[in-house]
Amino acid sequence: MSLCININGVITPPEAAIISVLDHGFLFGDSVYETLRTYGRRPFLFTRHFKRLQHSASAIYLDLMWDRNRYRAELDRTLLA
């Protein structure tokens, strides 16, 4: 299994993953994260994890860049990569 990184919808190998020095999270440290387990390339309890991500983001007044469906689509794309 090769490792893939998805940054803003761009899937790359780790050595090619780049975050702009002008990225707000990089400049100001504003961030939240959520992890989830997968089984057979299928996310486990995705909806629960996404709700927790939304809750964490709202706690620091951070707008998520995508809606639930887009996050799931990006997760699925990354798992297939």
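The values are calculated or read from the model by the stated rules, or taken from the named source; none is laboratory data. Note that the structure is predicted; figures quoted are calculated from it, not measured. Ligands, DNA and RNA are excluded from the accessible area calculation, which covers all protein heavy atoms including side chains. Shrake-Rupley method; radii C 1.70, N 1.55, O 1.52, S 1.80 Å.
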List TYR39, TYR71, ordered by accessible area with a 1.4 Å probe, largest first: TYR39, TYR71
The stretch 35-81: radius of gyration over Cα atoms, expressed as a fraction of 2.2 N^0.38 Å: 1.19
Among SER56, SER31, SER20: highest mean-square fluctuation, GNM of the chain, C-alpha pairs under 10 Å: SER20
Amide H within-cut-off set for ILE7, under 5 Å, with H built and near neighbours excluded: THR12
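Considering the convex hull of the alpha carbon atoms of the chain, report its projected area averaged over all viewing directions, in nm², one decimal.
5.7
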The stretch 1-59 - percent relative contact order, Cα under 8 Å, separation 6 or more: 19
Per residue accessible area of the chain, 1.4 Å probe, in Å²: 80
3J(HN,Hα) from dihedral phi, the stretch 69-80, Karplus parametrisation 6.51/-1.76/1.60, rounded to Hz, x for glycine, proline: 5, 5, 4, 5, 4, 5, 4, 4, 4, 5, 5, 7
Note, ³J(HN,Hα) from phi for the stretch 23-33, Karplus 6.51, -1.76, 1.60, rounded to Hz, x at Gly and Pro: 4, 4, x, 5, 6, 10, x, 6, 6, 9, 8
Most fluctuating residue given options THR12, THR47, THR35, as computed from a GNM of the chain linking Cα atoms under 10 Å: THR35
Mean residue ellipticity (222 nm) of the chain, computed from DSSP H runs ≥ 4 via -39,500 (n - 2.57), nearest 500: -12000 deg cm²/dmol
Within a Gaussian network of the chain (alpha carbon springs, distance under 10 Å), most fluctuating of LEU53, LEU62, LEU22: LEU22
